Amino acid sequence: MLQAIPFDWQLRLSKRAKRPRITISSRGKVELVWPHRLSQRHVPHMLHEHTAWVLKQLDALPKQKQQNIKPPHVIALLGIKQTYDVHYSDVKGRFQLAEYDASLTLSGDLRDREALRQTLMKWVKNKGHEHLKPWLANVAQEMGVAYQQVSIRLQKGRWGSCSAKKNISLNAALLCLPDFLVRHVLIHELTHLKHLNHSSHFWQDVALFDPDFKKNRWLLKQYTKDVPPWLTQQFDVGFDGALEEDI
Ligand SMILES: [Zn+2]
């Protein structure tokens, strides 16, 4: 006879899963995802076989929890002076995002934090396309410079870049900064079209359009700390579904 399983667990039948797997949520909820078509008579055996692994993961949880980043309830896009309330709805299926006025509703399997985060990031990226592209075009016109292409990314650790081929890349997270700092970054990148360096000539040209650039550079560093972690880091490290073992 099999011994009792030393942790709480739930069985979830899945039509999509090809193989059984165990997932552990950040809150320590253990789920056995079982392919719909597979006979359930091996369930106890599978759990026993993986007990040591599950206990090890559960043991490691408190450490990971400190790094957890909660899904936001408010998103402030200072750059475009918009604040959104975020609502969540726990439903089966792929994530959907509905935007209505200043309110966002995310529907999906809320345990899948990474999918949730990806959905939000995609939304921010779309906002970047919508607002940063025309913004850059306007500032470029004002400065009398021309670039080739612009790409909107959510790259870590940099606000923008400009290549020798005159392609500009902007971080969609710029929208979380106040508009004068977005402008500061745009001017910086556009000035690289003339100077692909940070020489004194570069800064002289920056100053023509951004006389307060020194102060703005300092402010940019301060505001960078306020960019929501879910945009720049993984959120809910060890989030539901991340700790998976194929069995
Ligand atoms: Zn630069």
Does segment 128-145 contain any residue that is in the same structural domain as Asp212 (by TED's automatic domain parsing), touching a strand residue (DSSP E or B) at 6+ places or on another chain (Cβ under 8 Å), over 22 Å from Lys221 (Cα atoms) and within 16 Å of the ligand (Cβ to nearest atom)? no
Let me spell it out: the conditions are (1) part of a strand (DSSP E or B); (2) in contact with a helix residue (DSSP H, G or I) (Cβ under 6 Å, 6 or more places away or on another chain); (3) within 12 Å of the ligand (Cβ to nearest atom), and Ile187 meets all of them except one. Which number is the exception? (1)
State yes or no: is Arg153 within 14 Å of the ligand (Cβ to nearest atom) and of a type in the set (Lys, Arg)? no
Could you grab me the full set of residues in segment 161-172 that are within 14 Å of the ligand (Cβ to nearest atom), farther than 18 Å from Gln141 by Cα and either surrounded by fewer than 23 Cβ atoms within 10 Å (Cβ to Cβ) or hydrophobic (A, V, I, L, M, F, W, C) (or both)? Ser161, Ser163, Ala164
Being more than 32 Å from the chain's Cα centre (by Cα) and outside any helix (DSSP H, G or I) is the filter; apply it to segment 199-218 and report the residue that is nearest to Asn167 (Cα to Cα). Ser199
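Within segment 69-112, which residues are of a type in the set (Phe, Trp, Tyr), surrounded by 12 or more Cβ atoms within 10 Å (Cβ to Cβ) and more than 17 Å from the chain's Cα centre (by Cα)? Give the derivation first.
So in segment 69-112, the residues of a type in the set (Phe, Trp, Tyr) come out as 84, 88, 95, 100.
Add one more test, that the residue is surrounded by 12 or more Cβ atoms within 10 Å (Cβ to Cβ), and what stays is 84, 88, 95.
Correct list: empty.
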Of the candidates Leu120, Leu175, Leu196, Leu116, the one satisfying the condition of being away from the ligand (no atom under 16 Å from the Cβ), outside any strand (DSSP E or B) and more than 26 Å from Gln222 (Cβ to Cβ) is Leu116
Sort out for me the strands (runs of 3 or more DSSP E) sitting completely within segment 1-113 that have 2 or more residues that are farther than 30 Å from Tyr223 by Cα and aromatic (Phe, Trp, Tyr). none
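The values are calculated or read from the model by the stated rules, or taken from the named source; none is laboratory data. All values reported here derive from a predicted model rather than from experimental measurement. Note: ideal-geometry Cβ built from the backbone for every residue, glycine included; neighbour counts use all protein chains shown.
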